[in-house]
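Please treat every number below as a calculation from the coordinates, not as lab data. Bear in mind that the values here come from a model prediction, so they are computed numbers and not experimental data. Note: ideal-geometry Cβ built from the backbone for every residue, glycine included; neighbour counts use all protein chains shown.
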Amino acid sequence: MLAIQISETGGPDVLKAVDLPVPTPGPGEVLVRHQAIGLNFIDTYMRSGLYPMPLPAILGSEGAGVVEAVGPEVTRFKAGDRVAHGAAGRGAYAEYQALPEGRVSRLPDGIDAKTAAAAMLKGMTAEMLLRHCYPLKAGETCLVWAASGGVGSILSQWAHAIGAMVIGCVGSEGKAELARSHGCDHVILYKSEDVAARVREITGGSGVRVSYDGVGKASFDASIRSLGRRGMLVTYGNASGPVPPFEPLVLSRAGSLFLTRPTLFDYVATIEELDASAAALFEVIGSGAVKIEIGREYALNDVRQAHIDLQAGETFGSQLLIP
């Protein structure tokens with residue numbers, strides 16, 4: 001089978017196409033034949049070495065397809081079932097992947113493999129942010145960074161459906177139009193505008209209740225200054241690099257703020273948590289409140305270009321790799 005493997009960390013050039021044997025599912029595992037694979041910023045963190053892991057390694061944390069075979073003791077699935085995964089760890093950059101059955105979700109009718117591969121990791125991340133890290137309520141105001149991106153576009157639509165006022169941050173006017181179409185009530189061009197000043201203007205000086213920030217280092221200060229009294233910063237990504245060390249007094253001086261740095265895997269650690277998160281995601285997609293925007297599709301062996309485009313900020317919505 002075709003797989004994309006790294007033997008060292010570094011830039012996109014370390015991604016190598018290799019021919020590996022098709023895995024044999026072990027006890028409690030299912031073998032999934034991928035029809036589509038999701039591309040995520042976490043893949044670039046692993047490739048660069050920001051998130052260390054044993055090497056050689058196959059990257060990729062999200063995919064969808066069909067169960068090809070099941071191992072002994074499997075009870076949740078059978079061959080032929082349509083499934084998706086986004087919280088099973090790495091290894092998705094391959095035509096086939098053997099996965100623990102407790103890390104896989106059954107696809108409902110009406111959601112195809114491409115939509116699921118574009119939605120699972122990013123959508124369950126949005127569900128974690130909106131329903132657990134800071135449970136957003138109707139009438140509240142939130143700030144969404146990278147609002148036209150994979151997580152941001154889902155997050156903005158879902159927040160809008162809840163009844164919150166959504167302020168989106170994007171890097172260009174073209175992305176601003178996308179953000180507006182995804183439910184952002186206001187859009188800030190963070191490269192040319194003072195984000196915190198615009199947030200205060202929009203909110204009449206009160207600031208937002210929560211900033212959902214997947215950018216990291218470059219946006220941290222603006223997120224802090226955009227929050228209202230006792231607001232929360234949910235910093236969940238490092239697109240511009242990790243947030244540097246800071247004094248906790250920064251939080252008290254800015255209004256007794258709260259800060260959390262979540263990872264999805266702590267919110268879907270059990271089968272029950274995973275099933276509940278996936279079910280909430282499928283429900284909001286099925287209702288039409290959230291539409292999954294697929295920006296670009298790349299052949300699996302074009303993954304280097306996909307990483308280049310992703311890190312250059314030249315993508316919108318969710319990106320796919322097609323085996």
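A few points about this structure:
- Angle between the chain longest axis and helix 271-286 axis [Cα atoms, degrees, rounded to 10]: 70
- Neighbour counts of C-beta atoms inside 10 Å place THR235, THR315 in the sequence THR315, THR235, starting with the fewest.
- Taking amide H atoms as placed 1.01 Å from N in the peptide plane, the amide H of PHE258 lies under 5 Å from those of GLY231, MET232, LEU233, each 5 or more residues away in sequence or on another chain.
- Within the chain, percent of DSSP bridges classed antiparallel, to nearest 5: 50
- Farthest positive-ward along the chain dipole, Cα basis, beta-carbon charges - from ILE285, MET120, VAL166: VAL166
- Between region 32-71 and region 75-94, the alpha-carbon centres lie 11 Å apart.
- Residue-wise HN-Hα coupling along region 161-170, computed from phi with Karplus coefficients 6.51, -1.76, 1.60 (Hz; x: Gly, Pro): 5, 5, x, 7, 8, 10, 10, x, 10, 9
- Nonlocal amide H pairs with GLY317, under 5 Å, H built at 1.01 Å: GLY149, GLY150
- Cα gyration tensor shape for region 138-261, rounded if a/c is under 1.5, else prolate or oblate: prolate
- Choice from PRO54, PRO262, PRO27 showing the highest fluctuation, given a GNM over the chain with Cα pairs closer than 10 Å: PRO54
- The string of couplings for region 295-311 from the Karplus curve (6.51, -1.76, 1.60, θ = phi - 60°) is x, 9, 10, 10, 4, 4, 7, 9, 5, 4, 5, 4, 5, 4, 5, 4, 6 Hz, one whole number per residue in order, with x for Gly and Pro.
- Our coupling estimate for region 194-210, obtained by passing each phi through the Karplus curve with A = 6.51, B = -1.76, C = 1.60 and θ = phi - 60°, is 7, 4, 4, 5, 5, 4, 5, 5, 5, 9, x, x, 7, x, 8, 6, 8 Hz, Gly and Pro reported as x.
- When each of LYS122/LYS175; LYS114/LYS217; LYS16/LYS217; LYS191/LYS291; LYS217/LYS291; LYS175/LYS291 is checked by Cα-Cα distance, pairs over 22 Å: LYS114/LYS217; LYS16/LYS217; LYS191/LYS291; LYS217/LYS291
- Residue order, fewest to most surrounding Cβ atoms within 10 angstrom, among THR270, THR9: THR270, THR9
- Angle between the chain longest axis and helix 113-128 axis [Cα atoms, degrees, rounded to 10]: 40
- Cα centroid of region 100-175 to Cα centroid of region 253-312, whole Å: 6
- Amide H within-cut-off set for TYR190, under 5 Å, with H built and near neighbours excluded: VAL170
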